[in-house]
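Visitor: Can you read through this structure? Questions will come right after.
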Amino acid sequence: MIICYNQDYSSNVLFVNYKGRFNFNLLNKLNSMPNLNNKVALITGARRGMGRAHALTLAKYGAKVVVTDISQGECQQVVEEINKQGGHALALKLDVTQKDEVAQVFQAAVQKFGRIDVLVNNAGIAEFQSFLIMSEEEWDKTLDINLKGQFLCAQ
């Protein structure tokens with residue numbers, strides 16, 4: 001299953017088989033997403049953009065959502081939007097580069113919802129400049145968030 005997003009991050013669901021080919025037999029099931037009721041999804045980088053869209057889409061199909069990002073205030077706005085639509089969500093501040101913070105967030109999510117069924121490892125940054133002029137600090141920050149963060153959350 002692939003969730004595709006439009007420029008406004010509204011979603012469309014596509015079903016793809018395990019070989020990566022579009023499954024036309026499932027075209028009619030686009031409006032009958034797999035039942036995500038009572039599933040718990042934790043999404044990193046969920047305060048805006050693709051992460052926010054993931055959170056709203058998973059909640060729309062019944063998942064309980066843990067919205068995490070570096071700014072808890074912005075995460076709370078996403079949670080309020082989910083709750084207004086009848087969903088269940090929790091906002092937690094998460095710096096994916098900090099191992100102890102990752103452990104605390106996952107523990108808080110399990111304490112609140114009992115388990116985590118889905119991880120959307122979405123947090124990431126992009127420096128839109130040539131690596132030839134990028135400082136070592138910018139390089140380290142990019143790798144810490146985009147690579148180390150993925151590793152720590154997947155553990």
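The values are calculated or read from the model by the stated rules, or taken from the named source; none is laboratory data. The shown structure was predicted, so the numbers you read here are calculated from the model rather than taken from an experiment. Virtual Cβ from ideal backbone geometry, glycine too; neighbours counted across all protein chains shown.
Visitor: Can you find, within the stretch 63-79, the residue that is nearest to the chain's Cα centre (by Cα) among those that are within 21 Å of Gly149 (Cα to Cα) and small (Gly, Ala, Ser)?
Guide: Among those that are within 21 Å of Gly149 (Cα to Cα) and small (Gly, Ala, Ser), it is Ser71.
Visitor: Does Val67 count as of a type in the set (Val, Ile, Thr) and part of a helix (DSSP H, G or I)?
Guide: Working: of a type in the set (Val, Ile, Thr): yes; part of a helix (DSSP H, G or I): no.
So Val67 fails the test.
Visitor: Here is a follow-up. Give the residue that is nearest to Phe113 (Cα to Cα), with candidates limited to residues of the stretch 35-75 that are touching a residue at least 24 places away in the same chain (Cβ under 8 Å) and of a type in the set (S, T, N, Q).
Guide: Ranking the candidates gives Asn38 first.
Visitor: Output the number of residues of the stretch 104-121 satisfying the condition of being in a helix (DSSP H, G or I) and within 16 Å of Gly45 (Cα to Cα).
Guide: Adding up the residues that qualify gives 3.
Visitor: So which residues in the stretch 7-62 are surrounded by 13 or more Cβ atoms within 10 Å (Cβ to Cβ), aliphatic (A, V, I, L, M) and at pLDDT below 50, if there are any at all?
Guide: Within the stretch 7-62, Val13, Leu14, Leu26 meet the criteria.
Visitor: Okay, next question. Can you tell me which residue in the stretch 74-103 is surrounded by the fewest Cβ atoms within 10 Å (Cβ to Cβ), limited to those that are in a helix (DSSP H, G or I) and of a type in the set (Lys, Arg)?
Guide: Lys84
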